[in-house]
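The values are calculated or read from the model by the stated rules, or taken from the named source; none is laboratory data. Quick caveat: nothing in here was measured; it's all calculated off a predicted structure. Heads up, the Cβs are rebuilt from the backbone with ideal geometry, glycines too, and the neighbour counts pull from every protein chain shown.
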Amino acid sequence: MKTYVLALSIFLLFFSCDKRKNHKVKTSLIKGVVIARPQSDTLLLVKKTGDLFQNSIKIPIVNGNFSYNLKSNFIEEYAIGFKDEFDKGFFFNNYFFNDKDIIKLTLYPNQNEQDNIIIGGELNTKKEFLRKQGLQRFWSKIDSLYEKNELSSTLQTKVDSIYNELKKWQISKLKTDNSLVGFSMLIDKLLDNKRDKTFNIKEIDRAFKNYKTRFPKHPYTEIAINILNGIKNANVGGYYTDFYSKKNDDQVETISSLISKNKLTLIDLWMNWCEPCILKDKELVPYYEEFKKKGFDMFSVMGVDSKEKFLKTKNKYKYPWQLNYEVKHEFNIWDKYNISNSGGSQFLVDFKGEILAINPKPKEIDSILNSITKIKR
């Protein structure tokens, strides 16, 4: 059942919500009790669309109790989980909406997470109703299959079949809902588009038009627009999307200012904690000057939670190319390139902005450079 924890978090998010308008600043008291987890002393709180590495808030657990005054400009969904799990590479989220002045949580150990309780707010009540409905219709079937101890190949086929039924059910609910809860469900679908083999962009795009009309100023609208554009454009044969980033002196610049000047530009997006990203950049260092003479350059942007961390990381690696930064996803670059919730990616574009390769090796860059050296612009 743990294999499908991501899907469980997705289908919890349906049903109608009230039509109240968001206040400019809304404060909700998040308080609760932690049961049988003496090893846990801190919770992490983050918007569902946020980054645990950059945007999370630490909430201390004292004698099994916790509380936090959450301020927000909008009603949206949040995730809360244990820091000690995150530090070990696991994070079992508990989701809730901040649509009530007081939200009460009771959190159990992971093996009893189905007993977690969230009280407060109409949206959370309706989420719980849907959770129980999903458990009865889908998860009880999956648990029953595991209990029968069938052969792994046969078991996985049957589990996948039920899982596909679950996804169809989610889509049917998504299409018929026009509330904020349904919008949150749509965002989950977008964030999971690369892992979900059943993802249908036309289906999601049509559903989004309804939510965009209903919630034009909600942050989910901008997120959905950016990710949908990224899904459509951030592919080989597609075209780059312009964006802002900050230079070392905090001046803001766009990538479009560089692309037309080079035969090839490598858009290099990476988080300061992303080891695979750092290894890719290190691999390029010995070739950079040679490639630059042929008409190549890099537009590198580091995602960080503070400028101080940017400067520290920049001084550590001392890359020969210009390195810009983005603090806490302030320019939504990752969404625009459909790499949300990832460490980063690289996009090789020509002087017209067409994407020729994604995460290319130095040999591939060199090959493409050599093939276009005689092209007249």
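Observations, loosely collected:
- If the condition is being crowded, with 18+ Cβ neighbours inside 10 Å and within 24 Å of Phe331 (Cβ to Cβ), then the stretch 269-296 contributes Leu269, Trp270, Met271, Asn272, Cys274, Cys277, Ile278, Lys280, Asp281, Leu284.
- Verdict on Asp205 being assigned by TED's automatic domain parsing to the domain that holds Ile355, among the acidic types (Asp, Glu) and touching a residue at least 12 places away in the same chain (Cβ under 8 Å): no
- Taken together, Phe291, Phe331 contain a single residue that is assigned to a loop (DSSP other than H, G, I, E, B) and of a type in the set (Phe, Trp, Tyr), which is Phe331.
- Taken over the stretch 246-275, the residue count meeting the criterion of being part of a loop (DSSP other than H, G, I, E, B) and more than 20 Å from Lys292 (Cβ to Cβ) is 6.
- Residue that is surrounded by the most Cβ atoms within 10 Å (Cβ to Cβ) [pool: residues in the stretch 236-268 that are closer than 18 Å to Tyr337 by Cα and charged (D, E, K, R)]: Asp268
- Taking the criterion of being touching a residue at least 60 places away in the same chain (Cβ under 8 Å) and of a type outside the set (A, V, I, L, M), the residues of the stretch 257-274 that qualify are Ser260, Lys261, Asn262, Lys263, Thr265, Asp268, Trp270, Trp273, Cys274.
- Residue within the stretch 353-372 that is modelled with pLDDT under 95, more than 26 Å from the chain's Cα centre (by Cα) and not in a helix (DSSP H, G or I) present: no
- Members of the stretch 97-116 found to be loosely packed, with under 15 Cβ neighbours inside 10 Å and either outside the structural domain of Asn73 (by TED's automatic domain parsing) or more than 25 Å from the chain's Cα centre (by Cα) (or both), listed by number: Asp101, Ile102, Thr106, Gln111, Asn112, Asp115
- Looking across the stretch 129-149, not a single residue is closer than 21 Å to Glu77 by Cβ, of a type in the set (D, E, K, R), loosely packed, with under 14 Cβ neighbours inside 10 Å and in contact (Cβ under 8 Å) with a residue 12 or more places away in the chain.
- The stretch 324-335 - residue that is touching a residue at least 60 places away in the same chain (Cβ under 8 Å) and out of contact with any Asp or Glu (no Cβ under 8 Å at 6 or more places or on another chain) and, of those, nearest to Tyr244 (Cα to Cα): Phe331
- Filtered residue count, the stretch 1-32, keeping only those that are under 20 Å from Glu222 (Cα atoms), of a type in the set (Val, Ile, Thr) and modelled with pLDDT under 50: 1
- Residue check for Phe310: of a type in the set (Phe, Trp, Tyr) and touching a Lys or Arg at 6+ places or on another chain (Cβ under 8 Å): no
- Scanning the stretch 33-62 for residues that are touching a Lys or Arg at 6+ places or on another chain (Cβ under 6 Å) and at pLDDT 95 or above, we see that the one that is nearest to Tyr220 (Cα to Cα) is Leu44.
- Pair list, Cβ under 7 Å, 6 or more apart: the stretch 83-94 residue assigned to a loop (DSSP other than H, G, I, E, B), other residue surrounded by fewer than 18 Cβ atoms within 10 Å (Cβ to Cβ): Phe91/Leu52; Phe91/Glu85; Phe92/Val5; Phe92/Glu85; Phe92/Asn110; Phe92/Glu113
Conditions (1) surrounded by 12 or more Cβ atoms within 10 Å (Cβ to Cβ); (2) among the β-branched types (Val, Ile, Thr); (3) touching a Lys or Arg at 6+ places or on another chain (Cβ under 9 Å), marked per residue:
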residue	(1), (2), (3)
Lys158	yes, no, yes
Lys168	no, no, no
Leu174	yes, no, yes
Asn178	yes, no, yes
Lys194	yes, no, no
Phe199	yes, no, yes
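- As a summary of the residue check, Asn233 satisfies the conditions (1) in contact with a strand residue (DSSP E or B) (Cβ under 9 Å, 6 or more places away or on another chain); (2) crowded, with 19+ Cβ neighbours inside 10 Å except for the one numbered (2).
- The residue of the stretch 225-239 that is farthest from Glu76 (Cα to Cα), among those that are of a type in the set (A, V, I, L, M, F, W, C) and touching a residue at least 40 places away in the same chain (Cβ under 8 Å), is Val236.
- Per the listing Val181, Val159, the residue uniquely touching a residue at least 12 places away in the same chain (Cβ under 8 Å), farther than 28 Å from Trp334 by Cβ, of a type outside the set (S, T, N, Q) and in contact with a helix residue (DSSP H, G or I) (Cβ under 6 Å, 6 or more places away or on another chain) is Val159.
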